[in-house]
Amino acid sequence: MKIDEYEVKIKKENRKTIKISIEKNFLVVKAPGFIREDQLEKILFQNINKVRRIINKNRNLIDIGEKHFLESNNAMLLGKSYKVEVINSYVNNVEIIDDTIIISVKKDDENLKIKLFKNFYKNKCIEVITPIYKQCLDSFVEDKCSIRPRIEYKFYKGRWGAYYPKDNKIVLNCNLVKLDEEYIRYVIFHEISHTKIPNHSKEFYNVFNNVYDRVEEMRIKIKKYIIN
Ligand SMILES: [Zn+2]
């Protein structure tokens, strides 16, 4: 049995309760001897959110912020990891060649590199996220008369997106394009649900769950990523 990327290892012990921990690449489940394996499996899946919380705690959080690539020479795009190479050139440019993102700069300047990199991601948002956004919107609105917020992209810290009812627009964090499409859809449906309910009340989650069926799973999964 596997949960996310972890193989489950069951250890029967003389104990009264179930204890879950992460040891190397295993999700170790220490359980009382009287619980059968199929019962245990059922318990794990009934408590999948608790299990994922334990997994997240043990996972190293991944910083996908703008400055991160300068230190690590690594960057993400749509869930894929790329090497980052900086070269001196007569033009300023960012391009992908195979598994490398190449930043060409006229002068060796950190702020210039970050500026170019931010531009690169913003353009990727328009190219990749906007069509996904339109798809999500189409599946959300029942009739053509419903509100169709326009979409914008910004480099936010600490939030993946926001809905501004007065301007009828949704702003998504440019960093979102670094993650796999499933995260992008999750955030889009979250923000679109705010067009019906502005706060995070029970009513909001009713709307959200109605249009998107992996709310709880993705809510926990996205916590792995931080933006510094
Ligand atoms: Zn929200």
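Is one or more of the residues making up segment 184-195 under 16 Å from the mean Cα position of the chain (by Cα) and among the aromatic types (Phe, Trp, Tyr)? Checked segment 184-195: at least one residue is under 16 Å from the mean Cα position of the chain (by Cα) and among the aromatic types (Phe, Trp, Tyr).
Scanning segment 168-205 for residues that are free of Cβ contacts under 8 Å to residues at least 24 places away in the same chain and touching an Asp or Glu at 6+ places or on another chain (Cβ under 9 Å) returns Lys169, Val171, Lys196, Ile197. Of the candidates Pro149, Pro165, the single residue that is more than 24 Å from Ile64 (Cβ to Cβ), surrounded by 13 or more Cβ atoms within 10 Å (Cβ to Cβ) and either among the small types (Gly, Ala, Ser) or within 16 Å of the ligand (Cβ to nearest atom) (or both) is Pro149.
Restricting the search to strands (runs of 3 or more DSSP E) fully inside segment 1-102 and requiring at least 3 residues that are on the phi > 0 side of the Ramachandran plot and touching a residue at least 60 places away in the same chain (Cβ under 8 Å) gives an empty result. Counting just the residues of segment 8-30 that are more than 23 Å from Glu216 (Cβ to Cβ) and within 32 Å of the chain's Cα centre (by Cα), which one comes out least open to solvent (accessible area, probe 1.4 Å)? Result: Val28. Name the single residue that is nearest to the ligand (Cβ to nearest atom) among those in segment 152-162 being within 15 Å of the chain's Cα centre (by Cα) and open to solvent by 60 Å² or more (accessible area, probe 1.4 Å). Looking at the filtered set, the residue picked out is Arg159. Residues in segment 126-143: is at least one under 23 Å from Lys224 (Cβ atoms), open to solvent by 30 Å² or more (accessible area, probe 1.4 Å) and assigned to a helix (DSSP H, G or I)? Yes; the residues of segment 126-143 include at least one that is under 23 Å from Lys224 (Cβ atoms), open to solvent by 30 Å² or more (accessible area, probe 1.4 Å) and assigned to a helix (DSSP H, G or I). Can you find a residue in segment 46-61 that is in contact with a strand residue (DSSP E or B) (Cβ under 7 Å, 6 or more places away or on another chain), closer than 30 Å to Asn119 by Cα and open to solvent by 60 Å² or more (accessible area, probe 1.4 Å)? Taking every residue of segment 46-61 in turn, at least one turns out to be in contact with a strand residue (DSSP E or B) (Cβ under 7 Å, 6 or more places away or on another chain), closer than 30 Å to Asn119 by Cα and open to solvent by 60 Å² or more (accessible area, probe 1.4 Å).
To keep it simple, each residue is scored yes or no on (1) closer than 17 Å to Asn49 by Cβ; (2) in a strand (DSSP E or B); (3) within 11 Å of the ligand (Cβ to nearest atom).
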| residue | (1), (2), (3) |
| --- | --- |
| Ile192 | no, no, yes |
| Asn199 | no, no, yes |
| Glu216 | yes, no, no |
| Ile220 | yes, no, no |
| Lys223 | yes, no, no |
| Asn228 | no, no, no |
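The values are calculated or read from the model by the stated rules, or taken from the named source; none is laboratory data. Predicted, not measured: the structure shown is a model, and the values here were computed from it. Virtual Cβ from ideal backbone geometry, glycine too; neighbours counted across all protein chains shown. Keep in mind that these areas ignore ligands, DNA and RNA; they rest on the heavy atoms of the full protein, side chains included. Shrake-Rupley method; radii C 1.70, N 1.55, O 1.52, S 1.80 Å.
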